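The values are calculated or read from the model by the stated rules, or taken from the named source; none is laboratory data. The model shown is predicted, which means the values in this text are computed figures rather than measured ones. Backbone-built Cβ (ideal geometry, glycine too); neighbour counts: all protein chains shown. To get the accessible areas, we keep the full protein, side chains included, count just its heavy atoms, and leave off ligands, DNA and RNA. Shrake-Rupley method; radii C 1.70, N 1.55, O 1.52, S 1.80 Å.
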Amino acid sequence: MPTAVPPSPARTTTAAPATAAATSTTRAGVTGAASEPTPAPTVLTATVRTGTDRAATVRTAAARDAAFRPDIEGLRGIAVLAVLCFHAAVPGVTGGYVGVDVFFVISGFLITGMLVARPLGLLDFAARRARRILPAAAVVLVATALAGGLLLDPLRGTDLARDLLASAGQFANWRFVGRQTDYLAAGRDPSVLQHFWSLGVENQFYLLWGVLLLGLGRLLPHRRTGPAWLATLAVGAVSLLLCLRWTAQSAPLGYFSTASRLWEFAAGGAAALLARRLALRTAGDAARGRPRPGRVLLRLLGWLGAAAVLAGAGWYDRATPFPGSAALLPALGTAAVLLAGGSGLPAGRADVGRLLATRPLRAVGRLSYPWYLWHWPVLTIAEARSGPLPWTVLTALTLASAVPAWLTLRLVEEPLRRGSTAPRRGLSIAAAALAVPLIAGLTLGGGTVRALGGAEEARPPSGAADGADLLAPGTRVLTLTPSLARARTDFPPGRDCEIPLAAEKSPRCLFGDERSPDRIVLIGDSHAGQWISGLLPVAEQRHWALEVLVKPGCPLAAVPVRNDVLGRTFTECDRWRENTLARLAAGPAPRLIVMSGLNRYGGAEERTEGWRRTLDRLAALGAPLAYLADTPMPGKDIPTCLAASDGRSDACFFPRESAFEPDPLLAGGLAARYGIRVLDVGPVLCPDTGPDCPAVLQGVLLYRDSGHITNTLASVLAPRLERGLAGLLPN
């Protein structure tokens, strides 16, 4: 199933910018979930100068500061359908994740228009937003916690509890940035609450925008739109630059961070301010009895905007670097649709607004927020229980999730919308909506940790120095080590040594005796970094330093790599490799160079040629060379598998034939040619006794994810590495 790309919550409560001409909507439409309670009409004023320079005041009561826009309700329907189809893997909607951008622009349009047109206090503004957004979210969070506790394995339940706390606290987007979640990458189980990242972005935007625009309004009370324009353009420009940069450097930061998304809200804000000016001009022209120019241009603008949104949903796919410059298409398209319908002119038959205002799309738009909240937990929990499902089943489940969404709309959203608008009541509701999910998350987290056997750290058992057994003679492990509660976090020390995608140089990363002039160098990708705890005792025995030079996803062999996160050739890897080899050549000379890495970059011939080019450089340094062969690759998340099978390790075996790839240093003769000492623990971790490899061996959990060994296993293998390096180092 596709990794979740959740839409932004469809705002059902914010007001449109003031318009100056009569709209074609009926008052009955204002009662829908896409509007605020009907406020008193606001009278707009336009000044007309006659030929004698005599000013006349033209007044119209046809425009309200919260004019209902049925086309916006329909646009929400289009956006949420795009996202739902993408999540359900419906063919032809490979870029449906652009629906999130549509929602962000709509929110910026409505909130900016409301803040500019209506004098509000900050507490009143915060209470309105919280009352509209948080209660429905709280219902879904509590229901998801209950369903997760009953239907998910304890390990995923633990992840869910942490995600629930972040979602309830409105910072889920930053949790996923911190976890370096690759949003568009397949092959990793997505969070059941991953779609709440956009709700966090929305609420952080509301806080910033409310403080900024309301603050400017208090400082400059007689200049309503000028400061708003300045803030909108400044914030939008900085955010867009950050978005372009971060999308190229770090997909999680570019996708999930608030700073890289603010420009989309700003685009909606700019459309709101333009629509306000356009509406005032339309009102003035109507008062003068002049024709209203621009109808054809606005109609064309609206259709082009709608086409841009649909094009993004159909053309983009997982390989599209996003958001980046690609997000300009749906974002600007949405702004164009909003501006086209904001002139104050009644929608004509040929306008895109008339199509968007059809009843089916408006019905979906009214349901969009609760439907978006409910559908993703339904899909992810179903696949966690049953495995990958076809798109037809996913579509059926998505449609079924409309039932709890409708109940949430009728029983939670609508009653609160019709209730008291007092700020104190709204803030009380918000506090309850935050507290209840937090309590549910803490309860779920405590229960899952107990079910997994505790998270306390256990001392690694003694490993054998040689032979077929993993553990030293007489050593027994009575409980799984590390426990499943610790498995995901059983990392090697010094994770800061594994530099980010954009970095081209490794920092100073030393272990052991950092002042020693003698050092062992460990070099490679993250599969090299997993050996730190195995080599550290070797360095410490000699009072040497262990220097770590690793870059995840970057092979030491000179093999061109395409990075799926960046969506392009990983040129930073090539520059890091060159910088690292030049750094070693500049000295001081290491006492030993230990190489390792994932043995799956490129084809067999590419790996062989790439290793030759790198080994020529390393051999010229004159230091002894050792190679730690790659460990078996399970290809599935082992801790999750074990948790789902009640700890039965035999349920998580994986095929030997897919666990290993041909290695040019093992079978290609390169080790002998360059005088490299090869250490291969593969026969120990996958004993030659059958077609499968184990996930647990003698009570030791071997893998912390789908490909990396646990730090506990690296420590257990330290005596074996010491024995294997004998002769290359002094005693």
Check your understanding: Sorted from largest down, what three extents in whole angstroms do the Cα atoms of segment 451-568 have along their principal axes?
Key -> 48, 41, 28
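Need one number for segment 70-228: average projected area of the convex hull over its C-alpha atoms, nm². Intermediate values should be presented prior to the final figure.
Values: hull surface 45.7 nm².
Over all viewing directions, segment 70-228 projects a mean Cα-hull area of 11.4 nm².
Report the equivalent ellipsoid semi-axes for segment 194-284 in whole Å, largest first, defined as the square roots of five times the eigenvalues of the gyration tensor built from alpha carbon atoms. List each step's numbers first, then the result.
Numbers: eigenvalues 155, 41, 30 Å².
Here the semi-axes work out to 28, 14, 12 Å.
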Review point. Based on the mean of other beta carbon atoms within 10 Å per residue, what is the order of 629-635, 255-261, 581-587, 331-337, most packed first?
Key: 331-337, 255-261, 629-635, 581-587
Review point. Rg(Cα) of segment 496-654 divided by 2.2 N^0.38 Å?
Key: 1.13
Study note, to complete from the structure: Between the alpha carbon centres of segment 104-132 and segment 612-652 the gap in Å comes to 52
Revision key, fill the gap. With no solvent term and unit scatterers on the alpha-carbon positions of segment 472-536, Debye gives log₁₀ I(q)/I(0) at q = 0.17, 0.20, 0.22 Å⁻¹ of -0.79, -0.95, -1.05
Check your understanding: For segment 268-385, what ratio Rg/Rh do Cα atoms give with a Kirkwood hydrodynamic radius?
Key -> 1.09
Review point. So how do 496-503, 469-476 stack up, highest first, on mean other-Cβ count within 10 Å?
Key: 496-503, 469-476
Practice item. May I ask you to give the average projected area over all directions of the convex hull of the Cα atoms of segment 648-687, in nm² rounded to one decimal? Key: 3.4
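Taking the mean number of other Cβ atoms within 10 Å as a proxy for protection, how do you rank 169-177, 101-109, 210-218 from highest to lowest?
Numbers: 169-177: 21.9, 101-109: 29.7, 210-218: 16.8.
Put in order of decreasing packing, that is 101-109, 169-177, 210-218.
Roll a 1.4 Å probe over the protein chains and send me the accessible area per residue for segment 476-516 in Å². Numbers along the way, then the final one.
Details: 2420 Å² over 41 residues.
Here the residues of segment 476-516 average 59 Å² of exposed surface.
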Exercise for review: Summarise the accessible area of segment 498-622 (1.4 Å probe, protein heavy atoms) by the percent that is carbon and sulfur.
Suggested key: 50
Point to revise | q = 0.13, 0.16, 0.22, 0.25 Å⁻¹, segment 125-217: log10 I(q)/I(0) [Debye, one scatterer per Cα] | key: -0.51, -0.71, -1.11, -1.29
Revision key, fill the gap. Probe 1.4 Å, all chains present, heavy atoms only: Thr571 accessible area in Å², nearest 10, is 50
Exercise for review: Please report, as a whole percent, how much of the solvent-accessible surface of segment 321-416 comes from carbon and sulfur atoms (probe radius 1.4 Å).
Suggested key: 68
Review point. Kirkwood hydrodynamic radius of segment 585-731 from all distinct Cα pairs, in Å?
Key: 16.8
Review point. Which far-off residues, 5 or more places away or on another chain, put their amide H under 5 Å from the one on Leu546, with H placed in the peptide plane?
Key: Phe511, Gly512, Asp513, Ile520
Practice item. Send over a whole-number figure in Å² for the accessible area per residue of segment 305-419, probe 1.4 Å. Key: 42
